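The values are calculated or read from the model by the stated rules, or taken from the named source; none is laboratory data. If you're wondering where the values come from, they're calculated on a predicted model, not measured in any experiment. Here the Cβ positions follow ideal geometry from the backbone for every residue, glycine too, while neighbour counts run over all protein chains shown.
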């Protein structure tokens with residue numbers, strides 16, 4: 001027996017549950033072997049592990065969609081049956097749903113291996129040339145873990161080689177200074193989290209950005225941390241980074257050894 005809790009976030013629960021809990025009844029009928037409890041913005045399911053995993057995957061996708069719009073009962077039946085995007089897209093290798101309801105998935109063997117490695121390892125190092133999707137897949141896994149409440153925050157960091165780690169001569173505050181160097185990470189986040197929700201996460205510290213040097217002295221518990229462009233970190237910086245890992249944390253390091261700017 002297992003159980004899981006999924007958080008709907010700050011959306012109106014009616015978007016998912018339906019008027020008079022009509023959709024909730026459909027969900028319970030679809031998972032007859034599970035005990036499903038909905039209280040406010042929290043959905044809890046209790047049952048066998050296989051059913052729980054199916055529930056987690058499907059409801060996490062529904063939550064992504066209901067953040068943008070309400071779901072009627074007919075569309076809900078199609079979505080629960082796996083007929084996403086009018087039946088044109090399989091759920092194979094799916095990681096989560098994007099803000100437009102599309103599936104964000106692992107498109108290659110290496111991307112799938114990276115996604116699968118997160119469940120089994122706390123520190124993952126992904127090395128590969130530009131354009132292979134390692135950063136995008138890492139961000140997708142971070143968002144997935146945040147949505148499933150397996151971590152409490154996402155931390156994105158890069159060595160700011162182009163400006164120097166001090167970033168002292170660039171105008172603006174730290175976030176403004178780091179934005180150009182973290183743009184690939186932001187681009188990925190914008191595909192996966194609605195703009196208003198992403199803004200809220202950044203302002204509240206649920207999603208944090210920082211140059212690598214600013215990680216010194218921190219212990220990162222219950223966090224999903226991505227170090228991008230790690231080939232530009234010095235040996236001492238890398239040692240400092242990996243020793244920041246705290247309890248229930250996931251660290252992904254991505255890099256391309258053919259693009260070292262040091």
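Couple of notes before you dig in:
- In the set 49, 54, 72, 78, only one residue is under 24 Å from residue 95 (Cα atoms), modelled with pLDDT under 90 and in contact with a strand residue (DSSP E or B) (Cβ under 6 Å, 6 or more places away or on another chain); that residue is 49.
- Search result, residues across segment 242-255 that are more than 18 Å from residue 150 (Cβ to Cβ) and in contact with a helix residue (DSSP H, G or I) (Cβ under 6 Å, 6 or more places away or on another chain): 244, 253, 254, 255
- Residue that is closer than 23 Å to residue 211 by Cα and surrounded by 18 or more Cβ atoms within 10 Å (Cβ to Cβ), where the choices are 127, 143: 143
- Any hit, segment 195-216, residues being in contact with a strand residue (DSSP E or B) (Cβ under 6 Å, 6 or more places away or on another chain), assigned to a loop (DSSP other than H, G, I, E, B) and touching a residue at least 60 places away in the same chain (Cβ under 8 Å): yes
- Taking the conditions (1) modelled with pLDDT of 90 or more; (2) within 20 Å of the chain's Cα centre (by Cα); (3) surrounded by fewer than 16 Cβ atoms within 10 Å (Cβ to Cβ) in turn, residue 115 satisfies each one other than (3).
- If the condition is being under 17 Å from residue 149 (Cα atoms) and either out of contact with any strand residue (DSSP E or B) (no Cβ under 7 Å at 6 or more places or on another chain) or outside the structural domain of residue 12 (by TED's automatic domain parsing) (or both), then segment 28-46 contributes 38, 39, 40.
- Residue satisfying all of: in segment 106-137; touching a helix residue (DSSP H, G or I) at 6+ places or on another chain (Cβ under 7 Å) and assigned to a helix (DSSP H, G or I); farthest from residue 206 (Cα to Cα) among these: 111
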